[in-house]
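The values are calculated or read from the model by the stated rules, or taken from the named source; none is laboratory data. Owing to the predicted nature of the structure, the values given are computational and were not obtained by experimental measurement. Here the Cβ positions follow ideal geometry from the backbone for every residue, glycine too, while neighbour counts run over all protein chains shown.
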Amino acid sequence: MMASKAAAKTPAKGKAQVKPKKKAAAKPPARKQVAAKAPASKRGRPSSYDPKLARMAQKLCELGATDIEIADATGIDVATVYRWQASHPEFCEALKTGKAASDERVVRSLFPKATGYTYNAVKILQHEGAPVIVSYREHVPPDTTAAIFWLKNRRRDEWRDKVEVAGSAENPLTLLIQEVQGRSLKPVQIVDGEASEV
């Protein structure tokens with residue numbers, strides 16, 4: 001019995017093997033016609049944007065709030081703040097207006113800090129057991145760092161860290177640079193204060 005099964009599997013010698021024909025690939029089912037896609041603004045979850053948030057965000061910016069602080073105050077993610085800036089012009093404009101107002105306050109504060117200022121102050125002292133209120137004027141000297149910062153931003157050409165020097169043909173430094181550029185540098189050894197080429 002076993003021999004017949006093995007014989008059935010292997011063809012006898014001299015007989016040609018017949019390969020089974022491949023079946024034709026089945027066609028995929030026809031796709032259903034899909035209705036035209038809705039505009040991008042109509043897909044997904046509706047936006048939680050409310051025009052009242054623009055006014056609130058502007059007030060927060062006027063107080064110096066950052067985008068992250070605005071997101072925290074309104075209960076949204078900072079990515080949503082950025083997305084609303086891109087998709088709602090009135091929200092973007094409110095943030096710009098609020099930030100400009102707070103920046104202007106900083107500019108107005110930086111100038112007196114850079115130049116120094118005087119203000120009215122009060123000291124409370126004790127004389128013979130009774131409090132004595134003494135009014136006086138206190139002077140705050142100019143802050144060097146604030147002055148440098150102000151000048152670097154307001155007079156960039158004169159106060160920036162890297163200054164471009166344009167040499168004239170008569171300038172001795174320019175002549176020296178031109179002379180050195182034509183030569184190749186050679187190593188020099190200094191012995192007892194005298195230089196000699198190596």
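One residue stands out in the stretch 66-110 among those that are touching a residue at least 24 places away in the same chain (Cβ under 8 Å) and in a loop (DSSP other than H, G, I, E, B): the one that is nearest to Arg55 (Cα to Cα), namely His88.
Results for (1) exposed (fewer than 13 other Cβ atoms within 10 Å of the Cβ); (2) touching a Leu at 6+ places or on another chain (Cβ under 9 Å), shown as yes or no for each residue.
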residue: Lys113; (1), (2): no, no
residue: Gly116; (1), (2): no, no
residue: Lys123; (1), (2): yes, no
residue: Gly129; (1), (2): yes, no
residue: Ile133; (1), (2): yes, yes
residue: Glu138; (1), (2): yes, no
residue: Leu151; (1), (2): no, no
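Among the residues here, Asp103 does not qualify as under 20 Å from the mean Cα position of the chain (by Cα), exposed (fewer than 14 other Cβ atoms within 10 Å of the Cβ), within 21 Å of Pro46 (Cβ to Cβ) and acidic (Asp, Glu).
Could you tell me whether Ala100 is within 30 Å of Asn153 (Cβ to Cβ), in contact with a helix residue (DSSP H, G or I) (Cβ under 8 Å, 6 or more places away or on another chain) and either at pLDDT below 85 or aliphatic (A, V, I, L, M) (or both)? It is false that Ala100 is within 30 Å of Asn153 (Cβ to Cβ), in contact with a helix residue (DSSP H, G or I) (Cβ under 8 Å, 6 or more places away or on another chain) and either at pLDDT below 85 or aliphatic (A, V, I, L, M) (or both). Just one of the numbered conditions (1) modelled with pLDDT of 90 or more; (2) part of a loop (DSSP other than H, G, I, E, B); (3) surrounded by fewer than 10 Cβ atoms within 10 Å (Cβ to Cβ) is not true of Leu185: (1).
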